[in-house]
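Peer 1: Here you go, one structure.
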Amino acid sequence: MTERRATASVNLAAIERNCARLRAELRGSELCAVVKADGYGHGAVQSARAALQGGATWLAVAAAQEASELRAAGLREVRVLVMGALSTAELAQALAAQADVVVWDERYVEAVRAAGGGRVHVKLDTGMGRLGVRDPDRAGQVADLAASAKGVQLAGLMTHFATADECADEHFERQLELFTPWARATAARHPGVIVHAANSAATLRTPRAQFDMVRCGIAVYGMDPFGEDARARGLAPALELGSYVAEVKPCRAGESVGYGRRWVAERDTYVGVLPIGYADGVRRGLSNNTEVLVGGRRYPLVGTVSMDNVTIDLGAGAEALRLRGEPAVLLGEQGDQRVTAEQLAERLGTINYEIACGVSARVPRRYHYDGAPLDTGGPLDTGAPLDVQR
Ligand SMILES: Cc1ncc(COP(=O)(O)O)c(C=O)c1O
């Protein structure tokens with residue numbers, strides 16, 4: 001029996017359609033679906049399969065372990081790029097998983113050769129300031145070395161943008177101006193390499209950033225790379241986070257709810273208790289700071305988010321008592337109402353990425369295809385609260 005208290009539903013059809021939507025932006029470039037961090041909280045393997053179904057031809061992860069997990073799940077043919085920095089042991093693991101790895105220094109090329117060889121992508125740091133080498137000449141030399149080192153194959157040339165999502169920022173154009181001639185010249189010396197730079201924002205921002213392949217994460221999951229309304233860009237969120245109203249109780253004017261007494265009822269009302277909390281990914285910063293959907297209506301989350309519970313103000317009407325046992329949506333849609341990752345991110349002063357990645361491992365993921373259940377996790381707990389017949 002799966003739990004009802006906190007559930008993440010993932011619509012794999014949405015991931016498929018988001019990939020198709022992204023592909024429609026491309027002029028012949030390949031789509032690499034970024035499924036690191038357990039597919040931005042959606043489940044890496046399931047998301048990867050849906051993305052491939054939607055037209056992605058590559059996968060990217062951050063860690064060697066993530067590449068191994070994809071292979072172990074049967075995703076054996078597809079090219080997987082490990083984008084993160086790797087220790088010697090992690091490099092060996094990535095190469096054992098037949099993954100491509102990123103290098104930017106002669107030492108890394110040598111490490112790949114010493115580990116028995118593999119496919120490498122040379123990273124030019126055009127202004128992100130993290131991994132990669134800043135000097136284009138040096139990056140070119142690393143590429144030449146990779147192409148000539150025994151067992152090593154120069155597979156790609158890449159960079160990563162720092163401000164693709166900030167449309168007024170000129171840094172993006174400067175990065176593109178640095179990368180384009182370097183990639184062209186280096187690719188001319190090494191025909192067949194794959195040139196790639198764009199994340200979701202850059203992919204949607206300009207075809208000039210798309211090159212041979214784009215590496216999209218956030219948009220694959222239907223969130224907006226610019227923090228705006230994903231729907232307006234033709235993307236649909238795949239993830240919903242829900243719970244249910246486990247208890248409804250009267251709260252008199254002047255009574256408080258939750259830790260620290262951060263909410264005190266101004267009038268007599270009913271409070272609903274939902275067994276989901278910050279240990280599930282409902283951030284504590286949402287205390288008195290979001291709305292929850294029940295029965296197609298919005299109710300304010302009141303009081304402090306606890307580890308395992310949140311409370312909502314259901315209002316004074318006796319109909320509140322009938323909401324006991326009703327499903328509650330903390331992220332997602334109900335009727336014509338929606339709570340989006342972008343809205344929650346704005347409330348919290350963060351980005352939609354962190355909302356999705358923050359749904360914790362304690363929350364079971366239920367997969368469906370436009371509502372048709374897909375997983376075999378046992379019968380769904382339609383979970384009427386104890387002693388309530390519905
Ligand atoms: C190197 C690299 N490429 C691509 C991506 C995908 O970015 P996005 O989720 O904004 O599409 C990431 C994600 O952080 C990344 O680190």
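The values are calculated or read from the model by the stated rules, or taken from the named source; none is laboratory data. Since this is a predicted model, take the numbers as computed values, not measurements. We place every Cβ from the backbone using ideal geometry, glycine too, and count neighbours over all the protein chains shown.
Peer 1: Among (1) under 19 Å from the mean Cα position of the chain (by Cα); (2) part of a loop (DSSP other than H, G, I, E, B), there is one condition Leu331 misses while meeting the rest; what is its number?
Peer 2: (2)
Peer 1: Being of a type outside the set (A, V, I, L, M, F, W, C), at pLDDT 95 or above and farther than 18 Å from Glu333 by Cα: is that true of Glu16 here?
Peer 2: Numbers: of a type outside the set (A, V, I, L, M, F, W, C): yes; at pLDDT 95 or above: yes; farther than 18 Å from Glu333 by Cα: yes.
So Glu16 fits the description; yes.
Peer 1: While we're on this one: Do we have any residue at all in region 363-372 that's surrounded by 17 or more Cβ atoms within 10 Å (Cβ to Cβ), closer than 21 Å to Lys249 by Cβ and out of contact with any helix residue (DSSP H, G or I) (no Cβ under 9 Å at 6 or more places or on another chain)?
Peer 2: no
Peer 1: Mind counting the residues in region 1-53 that are in contact with a strand residue (DSSP E or B) (Cβ under 6 Å, 6 or more places away or on another chain) and among the acidic types (Asp, Glu)?
Peer 2: 1
Peer 1: For region 80-103, check the following and say yes or no: at least one residue is under 20 Å from the mean Cα position of the chain (by Cα) and farther than 26 Å from Arg138 by Cβ. Talk me through it step by step, then tell me what you get.
Peer 2: Just the residues of region 80-103 that are under 20 Å from the mean Cα position of the chain (by Cα), to begin with: 80-85.
Filter once more, so that each one left must be farther than 26 Å from Arg138 by Cβ: 80.
Yes.
Peer 1: Give the number of residues within region 225-237 that are over 23 Å from Leu301 (Cβ atoms) and in contact with a helix residue (DSSP H, G or I) (Cβ under 9 Å, 6 or more places away or on another chain).
Peer 2: 7
Peer 1: Just checking, which of Thr163, Thr203, Thr186, Thr159 is more than 29 Å from Thr340 (Cβ to Cβ), in contact with a helix residue (DSSP H, G or I) (Cβ under 7 Å, 6 or more places away or on another chain) and within 15 Å of the ligand (Cβ to nearest atom)?
Peer 2: Numbers: Thr163 fails: more than 29 Å from Thr340 (Cβ to Cβ); Thr203 fails: more than 29 Å from Thr340 (Cβ to Cβ); Thr186 fails: within 15 Å of the ligand (Cβ to nearest atom).
None of the others qualify; the one that does is Thr159.
Peer 1: Of everything in region 166-178 that's in a loop (DSSP other than H, G, I, E, B) and more than 13 Å from the ligand (Cβ to nearest atom), which residue is farthest from Ala197 (Cα to Cα)?
Peer 2: Step one: of region 166-178, the residues in a loop (DSSP other than H, G, I, E, B) are 166-170.
So of that shortlist, the ones also more than 13 Å from the ligand (Cβ to nearest atom) come out as 167-170.
Values: Cys167: 17, Ala168: 19, Asp169: 17, Glu170: 16 Å.
Among those that are in a loop (DSSP other than H, G, I, E, B) and more than 13 Å from the ligand (Cβ to nearest atom), it is Ala168.
Peer 1: Oh, and also: How many residues does region 67-81 hold that are closer than 18 Å to Val220 by Cα and buried (at least 21 other Cβ atoms within 10 Å of the Cβ)?
Peer 2: 3
Peer 1: I've got another one for you. Quick one: what pairs do we get from region 160-175, first residue closer than 13 Å to Arg205 by Cα, second away from the ligand (no atom under 12 Å from the Cβ), C-beta under 7 Å, 6+ apart or different chains?
Peer 2: So the pair list comes out as Phe161/Phe172; Phe161/Gln175; Thr163/Asp169; Thr163/His171; Thr163/Phe172; Ala164/Phe172.
Peer 1: Restricting attention to region 15-42, report how many residues are under 11 Å from Ala238 (Cβ atoms) and away from the ligand (no atom under 16 Å from the Cβ).
Peer 2: Selection size over region 15-42: 2.
Peer 1: Answer yes or no: is there a residue in region 336-348 that is part of a loop (DSSP other than H, G, I, E, B) and either charged (D, E, K, R) or at pLDDT below 95 (or both).
Peer 2: Yes.
Peer 1: Looking at this structure, is Phe211 within 15 Å of the ligand (Cβ to nearest atom) and outside any loop (DSSP other than H, G, I, E, B)?
Peer 2: Numbers: within 15 Å of the ligand (Cβ to nearest atom): yes; outside any loop (DSSP other than H, G, I, E, B): no.
Answer is no for this residue.
Peer 1: Looking only at residues that are assigned to a loop (DSSP other than H, G, I, E, B) and more than 7 Å from the ligand (Cβ to nearest atom) in region 214-228, which one is farthest from the chain's Cα centre (by Cα)? Write out each step before concluding.
Peer 2: Within region 214-228, the subset assigned to a loop (DSSP other than H, G, I, E, B) is 217-228.
Now narrow it down to the ones that are more than 7 Å from the ligand (Cβ to nearest atom): 220-224, 226-228.
Working: Val220: 8, Tyr221: 6, Gly222: 9, Met223: 8, Asp224: 11, Phe226: 14, Gly227: 13, Glu228: 16 Å.
Restricting to residues being assigned to a loop (DSSP other than H, G, I, E, B) and more than 7 Å from the ligand (Cβ to nearest atom), the top hit is Glu228.
Peer 1: Going through region 190-214 one residue at a time, which ones are out of contact with any Leu (no Cβ under 8 Å at 6 or more places or on another chain), surrounded by fewer than 21 Cβ atoms within 10 Å (Cβ to Cβ), under 19 Å from Val102 (Cβ atoms) and free of Cβ contacts under 8 Å to residues at least 60 places away in the same chain?
Peer 2: Within region 190-214, Gly192 is the sole residue that qualifies.
Peer 1: Can you tell me which residues in region 116-135 are buried (at least 18 other Cβ atoms within 10 Å of the Cβ) and either over 15 Å from Ala85 (Cβ atoms) or free of Cβ contacts under 8 Å to residues at least 60 places away in the same chain (or both)? Give the derivation first.
Peer 2: First, the residues of region 116-135 that are buried (at least 18 other Cβ atoms within 10 Å of the Cβ): 118-127, 132-133.
Answer for region 116-135, where residues must be buried (at least 18 other Cβ atoms within 10 Å of the Cβ) and either over 15 Å from Ala85 (Cβ atoms) or free of Cβ contacts under 8 Å to residues at least 60 places away in the same chain (or both): Gly118, Arg119, Val120, Lys123, Leu124, Asp125, Thr126, Gly127, Gly132, Val133.
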